[in-house]
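Colleague: Sending over a structure as structure tokens; questions will come in a sec.
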Amino acid sequence: MDGVHVTVLLEEVAAACADLTSGWVVDGTVGQGGHAEAILARTPPAVQLIGLDRDPQALEASSRRLAVFGDRFHPVHRGYDSMREVLDEKGIAMVDRVVLDLGLSTTQLDSDRGFSFEGDQPLDMRFDPTEGRTAAQAIRETSENELAQVLFFFGEVPASRRLARRLKEESRVNRMETTSDLVRVCREVLGPNVRKMPSPVLPAQALRILVNRELERLDGFLASIPTFLAPLGRVSVISFHSGEDRRVKLGFRSLALTREFTLPHRKPQSAGPEEQRRNRRSRAAHLRVIERIPEDEA
Ligand SMILES: C[S@@+](CC[C@H](N)C(=O)[O-])C[C@H]1O[C@@H](n2cnc3c(N)ncnc32)[C@H](O)[C@@H]1O
């Protein structure tokens, strides 16, 4: 991998913003700024964009990329689950479009922050290296039983109990500190591959979700949509695994039941064959959209 993050479903996300003539867009996972750039390029100057990311390095990269848009881009080092607080601090009542592109970027995968299995890196995995505990600490501080549940529910890892036991055993003797420690134990318990992927992939996904409290943050965001979305406003969420997509589907459905929101597409949108060929990552992407109905029609 060459460290260049290829944005998924770029056209679909940009098109959902292209009708705006003014107002606020929030890219809640601005990352390298791929979606944000397309949105800013296709909207007039009266449209402004707030870019949130928990990763300060991602914000630096997107700020550099989006400097050409001057003061239309507002980077903020916060999680998308703090959306309402961020808007309050900026004195913004409601926003017109929100985009989330969940998971991690290729740039993070290629960094030395413990997201990949090449080389030997500290077992960190925090999106925001300024707060919270690393994956090595999380393994140390989580009970064997809870760790088995994390592996099973967040990663669908087979033999999750056996793997949790071995991770705890190694952690107790300070042998679960680096990515190569994780690779060694995953291979020992699961063999070289699980579901056609190298065996550390699914356990690492589960640990990353635990470390970054990803599902908790997503649930908090989904529940807060009524507090920030303007009438006719839209939220678009791209997810990459079934645990996330299920939460988005159920969260959107329960909002739609209130009749204040509608779901423009019954099924999630996926990348077309050409995009799937160009970008392997896009094969797992599901885009779901929710729209707020104006009060007089609700
Ligand atoms: C797939 S990347 C986004 C890529 C971006 N859309 C682009 O086109 O360049 C996901 C980003 O979300 C960030 N992230 C993950 N959880 C977050 C959260 N709770 N709040 C804000 N950002 C988060 C990660 O740090 C990462 O930079």
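Only the coordinates and a few stated rules stand behind these numbers; no lab work does. As the structure is a prediction and not an experimental result, all values here were calculated from the model. When we count neighbours, we look across all protein chains shown, and the Cβ atoms used for this are built from the backbone with ideal geometry, even at glycine.
Colleague: Just grab the label-to-label distance for E60 and K196, each label 7 Å out from Cα along the Cβ direction, in nm (one decimal).
Modeller: In this crude spin-label approximation the distance works out to 3.8 nm.
Colleague: Based on the Cβ-Cβ distance of T21 and T130, what FRET efficiency does E = 1/(1 + (r/R0)^6) give at R0 = 45 Å, to the nearest 0.05? Intermediate values should be presented prior to the final figure.
Modeller: Details: r = 38 Å, r/R0 = 0.84.
The calculated FRET efficiency here is 0.75.
Colleague: Before rounding to the nearest 500, sum -39500 (n - 2.57) across all DSSP H runs of length at least 4 in the chain and divide by the residue total; then give [θ] at 222 nm in deg cm²/dmol. Don't skip to the end; give the middle numbers.
Modeller: Details: 13 runs with 128 residues, N = 298.
Calculated at 222 nm, the ellipticity per residue is -12500 deg cm²/dmol.
Colleague: Additional query: On full extension of the chain, what length is gained from D219 through R187, given 0.36 nm per residue of separation minus the C-alpha to C-alpha distance? Walk me through the intermediate numbers first.
Modeller: Numbers: separation 32, 0.36 × 32 = 11.52 nm, distance 3.27 nm.
Between D219 and R187, full extension yields 8.3 nm more.
Colleague: Using amide H atoms built 1.01 Å from N in the peptide plane, name the residues 5+ places from V194, or on other chains, whose amide H lies under 5 Å from its own.
Modeller: Amide H neighbours of V194, under 5 Å, 5+ apart: S199.
Colleague: Given the options F252, V235, A159, identify the residue whose Cα lies farthest towards the positive end of the charge dipole of the chain (+1 on Cβ of Lys, Arg; -1 on Cβ of Asp, Glu).
Modeller: It is A159.
Colleague: Here is a follow-up. Need the full-extension length gain, Q137 to A230, defined as separation in residues times 0.36 nm minus the C-alpha distance. One decimal, nm.
Modeller: Numbers: separation 93, 0.36 × 93 = 33.48 nm, distance 4.08 nm.
Separation in residues times 0.36 nm, less the Cα-Cα distance, equals 29.4 nm.
Colleague: According to the Kirkwood expression over distinct Cα-Cα pairs, how big is the hydrodynamic radius of the stretch 129-211, in Å?
Modeller: 12.4 Å
Colleague: Under 27 Å between alpha carbons, and skipping anything fewer than 8 positions from K90 in its own chain: which lysines qualify?
Modeller: Straight-line reach from K90, under 27 Å: no lysines qualify.
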